[in-house]
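The values are calculated or read from the model by the stated rules, or taken from the named source; none is laboratory data. In this text, all values refer to a predicted model and were calculated from it rather than measured experimentally. Backbone-built Cβ (ideal geometry, glycine too); neighbour counts: all protein chains shown.
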Amino acid sequence: MIAYHILCHDNLKQVATLIDALYTDQDTFLIDIDHGQNPDMKPLSRFRFLPNVHITRDANIGWGAGGTLRKTMKGAFALLEMNRDWQYYVVLSGQDLPLKSNDTIREVFTAGHAEKTNFIRCHLAEPVSLDAIPVNNTSTQRKLWGDRGHTKIYGRAGTIDPQAHMYARRLVDVTEVADLGEVHVGTCDPLLMQRRDNFFDKYPFHVGANWFNLHRSLIEYMVEDPLTYEMYDVMRTTFIPDESFFQTYIKSSPFRDTVSQHYGRLILRPAPVGKVKVFERTDWSTIEQSPDLFGRKFDTRHDSRIVSQVLSARAG
């Protein structure tokens, strides 16, 4: 029924808790681990012999570059071969938790299957001129402007701030040096900008969240569609392309009218642009009242009590 693709890089004990919560023998699980930080694999060892649980390890993936998009696409296409019966492809992080029971999750997707609905947050990025985006690095040298722990993000000299506006993500050129845990961002040169302008004039640039639930028919179509690979080549060097590729593709495809914006994720952001809030016990009323299927993000190292409370409530 459901193919779960879980993207994670550490705290695999919590990932095991997530698998336990979702597990049924009718569903398929792909646990996709970024092993750049050499996480302890022992918590997942008990799943290795289950025929519907697949564990893969990848090289260090730099945040903000094309690595997450690449592994998402590879995982989606691989799951088509792992199981020929699932109806929905669901992308989760290792810090997600289901807020509803497995029966409720299944009911939502069963209803969506009738119309082949794709549950994905998706909207057209409002164009802005390059001159309207503030310059992030006014020096003549590269500058460290972000440290995600597993990735250091550097801005080249004269680089605009790609987080100042969603549209700004397509105005920069991103290079991933995964083995060093580095991502380098620079303002597009005129030739690359022209290529992208020509492409996005034909296929308008859409953005959203990289957590979604896509119908199998869309994934099957993407595998065979040459536009999939052309679009990947154009977009893999934009900033955080995993939050724009699937949106831009689906709105440029025959599936454009199958989109539901109700993508089923409870995510709290204290600021318009900023990190996602890690849930705490004080967030329980918000979680309890939410109609969403999944929530992110949770961290047992930050507040294990809220994790236990969510899992206890959904089981009850």
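Among residues of region 18-40 being among the hydrophobic types (A, V, I, L, M, F, W, C) and touching a Lys or Arg at 6+ places or on another chain (Cβ under 8 Å), the one that is farthest from LYS152 (Cα to Cα) is ALA21. Based on this model, can you work out whether LEU191 counts as farther than 25 Å from HIS35 by Cβ and modelled with pLDDT of 95 or more? So LEU191 passes the test. None of PHE29, PHE49, PHE77, PHE119 is farther than 21 Å from GLN261 by Cα, assigned by TED's automatic domain parsing to the domain that holds GLN247, of a type outside the set (Ser, Thr, Tyr) and buried (at least 17 other Cβ atoms within 10 Å of the Cβ) except PHE29. In summary, no helices (runs of 4 or more DSSP H) completely within region 199-316 bear 2 or more residues that are acidic (Asp, Glu) and in contact with a Phe, Trp or Tyr (Cβ under 6 Å, 6 or more places away or on another chain).
Entry remark, region 158-198: residues being assigned to a loop (DSSP other than H, G, I, E, B) and either under 11 Å from THR238 (Cβ atoms) or under 23 Å from the mean Cα position of the chain (by Cα) (or both) number 7 in total.
Table: residues versus (1) of a type outside the set (Ser, Thr, Tyr); (2) closer than 21 Å to HIS262 by Cβ; (3) touching a Ser or Thr at 6+ places or on another chain (Cβ under 7 Å).
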site: ARG57; (1), (2), (3): yes, no, no
site: THR68; (1), (2), (3): no, no, no
site: MET82; (1), (2), (3): yes, no, yes
site: TRP86; (1), (2), (3): yes, yes, yes
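The residue list GLY112, GLY149, GLY94 contains one member that is within 27 Å of LEU268 (Cα to Cα) and not assigned by TED's automatic domain parsing to the domain that holds SER304, which is GLY149.
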